[in-house]
Amino acid sequence: MKTKNDEVVLNQIINEHLKPFIRQIDENASYPKEFLSAVGKAGLFNSNNIQKELVSYGDIYLIEETAKYCMTSAFTLWCHLAALSSVRLSNNPCFKNDLLPLLEAGDVLGGTGLSNALKYYAGLEPIRLNAERTDGGYTISGCLPSVSNLDDDHWFVILASLNPKQRIMCMIPVKLEGLVLESKMDYIGLNGSATFSCFFYNVFIPDKWILTEEEDEFIPKVRPILALYQIPLGIGITQAAIGSIVKSHSKNIEVNQHIKPQPRELIDEIQCISKRTYEHAQASNLTIIWTEILRTRLEIAKVTLKVVQADMLYSGGHSYIQGSDPFRRLREAYFLANLSPTIKQLETLF
């Protein structure tokens, strides 16, 4: 975090606003809005007068610590920070002066509809939203299958194609004429992430809500942040699973010493990834180390799957009971494996 006091504050928020509600979030699709707002109200999203690398350190730490207890909440935190990062990088004075302070204070929460954008720039699918220039702005049509961290008073980021050579990025409120949301709650995990299919029927977007009209130049700046901030999702859940493994291992060392992998191997792997992640955050230009970030993102996805599976084996019959932490972490880990950029996408690169 930025200061030791921030670490104490975050721990208090997790104890009060997250831990008592983890089962509700996981099993009843309860959206952790109060937790997100509390983080903002404590000033933990604030970037004013703070060095860039300290902002990145703080954001990574927020996600990592939250993921130790609940990846759904950590993922919604990632969504908000993805929206925040997009606004921070924009030159739009309306957002800089008016919306950014509200996002950093937790008074307004943000989501991101950039999964399609990441896949488009990876050459995997076409742009799903089309934009047409009109008086004072643009009209948007199309559909985004899955956008997370949305509620009635939230804003979220989208990408739309104006023509084959130009794309625009917008930051828009959820309540808009012509924008229809359908809730998605049939996942095996992460149902508390407030995920919706978003249908755009000639939705008018005024010029003041445009983050950039030169998205091809903007995306190389924002996508390394999005990928970098996904890595602590895996670090956090993996650290929790290793803690569970160590506890189970010590209960019956004679038997557990023969299980592969052993806790020490897993601890060494995650410490190496964690160290490299915070080194990435120190880079003066994340665009230059984009490939290295993606390699780390792929590695954490694979290691996380290995560790949560080991947690299931070490925990034994207990892990197969509905509501067990090892089983929840297993389901959460498979979400990380399929979060854009997915393991499938990343494997095509390396």
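Residue check, TYR31 against (1) in a helix (DSSP H, G or I); (2) surrounded by 17 or more Cβ atoms within 10 Å (Cβ to Cβ), all met but one. Which one?
(1) is the only condition that TYR31 fails.
Can you tell me which residues in the range 286-314 are open to solvent by 20 Å² or more (accessible area, probe 1.4 Å) and part of a helix (DSSP H, G or I)?
Listed by number, the residues that qualify are TRP290, THR291, GLU292, ARG295, GLU299, LYS302, LEU305, LYS306, GLN309, LEU313.
Quick one: how many residues across the range 186-196 are small (Gly, Ala, Ser) and either modelled with pLDDT under 95 or over 16 Å from THR76 (Cα atoms) (or both)?
Start the filter on the range 186-196 by keeping residues that are small (Gly, Ala, Ser), which leaves 189, 192-194.
Next cut, either modelled with pLDDT under 95 or over 16 Å from THR76 (Cα atoms) (or both) only: 189.
The qualifying residues number 1.
Give the residues of the range 315-339 that are out of contact with any Gly (no Cβ under 6 Å at 6 or more places or on another chain), at pLDDT 95 or above and assigned to a helix (DSSP H, G or I), sorted by residue number.
ASP325, PRO326, PHE327, ARG328, ARG329, LEU330, ALA333, TYR334, ALA337
Show me the strands (runs of 3 or more DSSP E) entirely contained within the range 104-161 in which 1 or more residues are open to solvent by 30 Å² or more (accessible area, probe 1.4 Å).
On the way: elements: 110-112, 129-134, 137-147.
Qualifying strands (runs of 3 or more DSSP E): 129-134, 137-147.
Looking for something out of contact with any Cys (no Cβ under 9 Å at 6 or more places or on another chain), among the hydrophobic types (A, V, I, L, M, F, W, C) and under 30 Å from LEU226 (Cα atoms) - is there at least one such residue anywhere in the range 250-268?
Filtering the range 250-268 down to residues out of contact with any Cys (no Cβ under 9 Å at 6 or more places or on another chain) leaves 250-268.
Still in the running and among the hydrophobic types (A, V, I, L, M, F, W, C): 253, 255, 259, 266-267.
Okay, now just the ones that are also under 30 Å from LEU226 (Cα atoms), so 266-267.
Within the range 250-268, one or more residues are out of contact with any Cys (no Cβ under 9 Å at 6 or more places or on another chain), among the hydrophobic types (A, V, I, L, M, F, W, C) and under 30 Å from LEU226 (Cα atoms).
Step by step: first the residues of the range 93-132, then only those that are among the polar types (S, T, N, Q) and within 16 Å of ARG167 (Cβ to Cβ), then the one that is modelled with the highest pLDDT. Which residue is that? Spell out the reasoning first.
Here is the first cut: in the range 93-132, the residues among the polar types (S, T, N, Q) are 97, 112, 115-116, 130.
Remaining after also requiring within 16 Å of ARG167 (Cβ to Cβ): 112, 115-116, 130.
Working: THR112: 93, SER115: 93, ASN116: 93, ASN130: 98.
Going through the qualifying residues, I end up with ASN130.
Determine, yes or no, whether LYS221 is assigned to a helix (DSSP H, G or I), open to solvent by 10 Å² or more (accessible area, probe 1.4 Å) and within 19 Å of GLN309 (Cβ to Cβ). Show your work before the answer.
On the way: assigned to a helix (DSSP H, G or I): yes; open to solvent by 10 Å² or more (accessible area, probe 1.4 Å): yes; within 19 Å of GLN309 (Cβ to Cβ): no.
It is false that LYS221 is assigned to a helix (DSSP H, G or I), open to solvent by 10 Å² or more (accessible area, probe 1.4 Å) and within 19 Å of GLN309 (Cβ to Cβ).
Which residues, counting only those in the range 248-275, are of a type in the set (Val, Ile, Thr) and surrounded by 14 or more Cβ atoms within 10 Å (Cβ to Cβ)?
At the first step, the residues of the range 248-275 found to be of a type in the set (Val, Ile, Thr) are 253, 255, 259, 267, 270, 273.
Matches in the range 248-275: ILE259, ILE267, ILE270, ILE273.
Any chance you could count how many residues in the range 183-207 are farther than 20 Å from HIS80 by Cα, open to solvent by 20 Å² or more (accessible area, probe 1.4 Å) and touching a strand residue (DSSP E or B) at 6+ places or on another chain (Cβ under 8 Å)?
6
Considering only the range 248-255, I want to know if a residue exists there that is among the acidic types (Asp, Glu), in contact with a strand residue (DSSP E or B) (Cβ under 6 Å, 6 or more places away or on another chain) and in a helix (DSSP H, G or I). I'd like the intermediate steps shown before the answer.
Of the residues in the range 248-255, the ones among the acidic types (Asp, Glu) are 254.
Keeping just the survivors that are in contact with a strand residue (DSSP E or B) (Cβ under 6 Å, 6 or more places away or on another chain) gives none.
For the range 248-255, residues among the acidic types (Asp, Glu), in contact with a strand residue (DSSP E or B) (Cβ under 6 Å, 6 or more places away or on another chain) and in a helix (DSSP H, G or I): absent.
The values are calculated or read from the model by the stated rules, or taken from the named source; none is laboratory data. Just so you know, these numbers come straight off a predicted model, no measurement behind them. Every residue, glycine among them, receives a Cβ derived from its backbone with ideal geometry; neighbour counts consider all protein chains shown. These area figures cover heavy atoms from the full protein model, side chains too; ligands, DNA and RNA do not enter into them. Shrake-Rupley method; radii C 1.70, N 1.55, O 1.52, S 1.80 Å.
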